[in-house]
Amino acid sequence: MAADCLFCKILRKEIPAEIVYENEAAVVIKDIQPCAPVHLLVIPKQHIESLNAIVPEQAAMLGQLQLAAQAAAVVAGTAQPGWRLISNVGPGGGQEVMHLHYHLIGGKILGWTPD
Ligand code: 5GP
Ligand code: ZN
């Protein structure tokens, strides 16, 4: 946990968030500014800055994040016809909160517009 990190504060319940799903490694919350009918954030309970900072020992924990995403997609009703998982990495990738997270986007048919 990092003292000044927004997502660590959400994990510590210092800032409220709508939790959709939780497992041993991750919490999935609703994004405060959704860009699609379903826009969730899959957040590891461990403070890791981004995918630039992961190490092989974290592989099992990273797998738990994707299992949490799969379960949250079911809870949110977007498992079918489908959804997307994205992680912005660093300022060049558009990352604003420096605590690793995946955006789970769905609830509509998605186009492919990486910009
Ligand atoms: P990034 O740009 O770092 O990939 O994504 C950060 C995301 O966090 C953005 O989509 C933004 O809307 C979301 N966000 C920022 N502050 C809060 C907050 O206080 N609560 C929630 N639920 N989401 C937030
Ligand atoms: Zn953090």
request  = Out of A59, A79, A53, report the one residue that is of a type outside the set (K, R), over 24 Å from M1 (Cβ atoms) and either open to solvent by 90 Å² or more (accessible area, probe 1.4 Å) or over 14 Å from the mean Cα position of the chain (by Cα) (or both).
outcome  = A79
remark   = When the range 90-101 is checked residue by residue, the ones that are out of contact with any strand residue (DSSP E or B) (no Cβ under 9 Å at 6 or more places or on another chain) and within 15 Å of ligand 2 (Cβ to nearest atom) are Q95, E96, M98
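Working carefully through the options I109, I54, I43, find the one that is away from ligand 2 (no atom under 16 Å from the Cβ) and either farther than 25 Å from K9 by Cβ or of a type in the set (A, V, I, L, M, F, W, C) (or both). Give the derivation first.
On the way: I54 fails: away from ligand 2 (no atom under 16 Å from the Cβ); I43 fails: away from ligand 2 (no atom under 16 Å from the Cβ).
Every option except I109 fails the conditions.
Inside the range 84-109, can you point out the residues that are farther than 24 Å from I54 by Cα, open to solvent by 30 Å² or more (accessible area, probe 1.4 Å) and within 16 Å of ligand 1 (Cβ to nearest atom)?
G107
Got a number for residues in the range 64-76 being under 13 Å from the mean Cα position of the chain (by Cα) and free of Cβ contacts under 8 Å to residues at least 40 places away in the same chain? Spell out how you get there, then give the answer.
Applying the first criterion (under 13 Å from the mean Cα position of the chain (by Cα)) to the range 64-76 yields 64-73.
Now narrow it down to the ones that are free of Cβ contacts under 8 Å to residues at least 40 places away in the same chain: 66, 70, 73.
Residues that pass the stated criteria total 3.
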request  = Considering only the range 28-59, state which residues are closer than 18 Å to L85 by Cβ, in contact (Cβ under 8 Å) with a residue 24 or more places away in the chain and of a type in the set (A, V, I, L, M, F, W, C).
outcome  = V28, C35, A36, V38, L40, L41, V42, I43, I48, L51, I54
remark   = If we ask which residues in the range 9-31 are within 12 Å of ligand 1 (Cβ to nearest atom) and either within 21 Å of Q70 (Cα to Cα) or open to solvent by less than 40 Å² (accessible area, probe 1.4 Å) (or both), their number turns out to be 11
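The values are calculated or read from the model by the stated rules, or taken from the named source; none is laboratory data. Here the structure is a predicted model, which is why all the values come from computation and not from measurement. We place every Cβ from the backbone using ideal geometry, glycine too, and count neighbours over all the protein chains shown. The accessibility values were calculated without ligands, DNA or RNA, using every heavy atom of the protein model including side chains. Shrake-Rupley method; radii C 1.70, N 1.55, O 1.52, S 1.80 Å.
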